[in-house]
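This report concerns only the one structure given below.
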Protein chains: 2
Amino acid sequence: MFGSILKDTVLNVKGAHAAILMGFDGIPVDAYTGDSDSDIESIGMEFSVLLKEVQSAAEQLEAGAADEITIRTEKFSTILRVVSDEYFLAIAVAADGNLGKARYLLKMAVPKLLAVL
Amino acid sequence: MFGSILKDTVLNVKGAHAAILMGFDGIPVDAYTGDSDSDIESIGMEFSVLLKEVQSAAEQLEAGAADEITIRTEKFSTILRVVSDEYFLAIAVAADGNLGKARYLLKMAVPKLLAVL
């Protein structure tokens, strides 16, 4: 169920490697990696810590809730999207992939996931 | 000198509030806020800590250097761009502003800043 939402997202974004639904505690719920060798679990775990910190920084700044973070590294980009207080989505996209569409589809996936979580 | 690069960037992005050039230690070099009430210094300081952590997470993941982070909150988005080992740029853009252009102009500003830093 989660898997098919993740799979649809990855397959519809040019350059997307993998996507994961994960708890803020770093425990994965479901992931789709297709035939890529992306270590999306480690990516999610490393960045889950940051997501929490961004949320508390945003609170400090009275900027409203932080709902999305994009991290660009030399090899790929990662978009993290908050789903609820407990869960977030992460997608890894190639450096030359379609980051805009990844962001859009991740946003669209949130209500679908919330309906089944 | 830094100021005019920051000013040009802010004035050429729809919805941009302010931009700052800051050390990774949280000490500002120069900022442009125009007539906005954006507290770009606090934004830079809060997020400078995260930038360091993202860099070490990226290293852990062997993802190559982390050069850009975009943080979206309800009220505005912030793009952080690494300039060198010591400095980074931050720009705050309204929620409905042109994030893509902000990202592009920030990237373009890096070599100009490096030439005078």
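Every number here is computed from the coordinates shown, using simple stated rules; none is lab data. Keep in mind that what you see is a predicted model, and the values were worked out from it rather than measured. Quick reminder, even Gly has a Cβ in these numbers, built from the backbone with ideal geometry, and neighbours come from all protein chains shown.
Miscellaneous remarks
- Long-range amide H partners of A:VAL83 with built H, under 5 Å: A:PHE88, A:LEU89
- For the range A:36-101, the relative contact order works out to 23 percent when only alpha carbon pairs closer than 8 Å and six or more residues apart are counted.
- Distance-filtered residues of the range A:83-117 - backbone nitrogen under 19 Å, label point 7 angstrom along A:ILE27 Cα→Cβ: A:83-90, A:114, A:116-117
- Cβ-Cβ distance of A:GLU53 and B:LYS7, R₀ of 30 Å, FRET efficiency by 1/(1 + (r/R0)^6): the value works out to about 0.50.
- Computed about its Cα centre, the charge dipole of chain A is approximately 500 debye, with only Lys, Arg, Asp and Glu carrying charge at their Cβ.
- Cα-only Debye scattering, the protein assembly as shown: base-10 log of I(q)/I(0) at q = 0.07, 0.14 Å⁻¹: -0.21, -0.84
- The stretch between B:TYR104 and B:VAL116, if pulled fully straight at 0.36 nm per residue, gains 2.3 nm over its current Cα-Cα span.
- Using a Gaussian network model of chain B in which every pair of alpha carbons under 10 angstrom is joined by a spring, one finds that among B:LEU89, B:LEU21, B:LEU51 the greatest mean-square fluctuation is at B:LEU51.
- Less than 5 angstrom separates the built amide H of A:ASP30 from those of A:LEU21, all sequence-distant by 5 or more or on a different chain.
- Lysine pairs within the protein assembly as shown, Cα separation less than 14 Å, 8 or more sequence positions apart or different chains: 4
- Choice from B:VAL13, B:VAL49, B:VAL82 with maximal GNM fluctuation in chain B (Cα, 10 Å cutoff): B:VAL49
- Each listed q (0.12 Å⁻¹) maps to a log10 I(q)/I(0) for chain B, found by the Debye formula over equal Cα scatterers with no solvent: -0.37.
- The range A:73-117 and the range A:1-36 have Cα centres separated by 9 Å.
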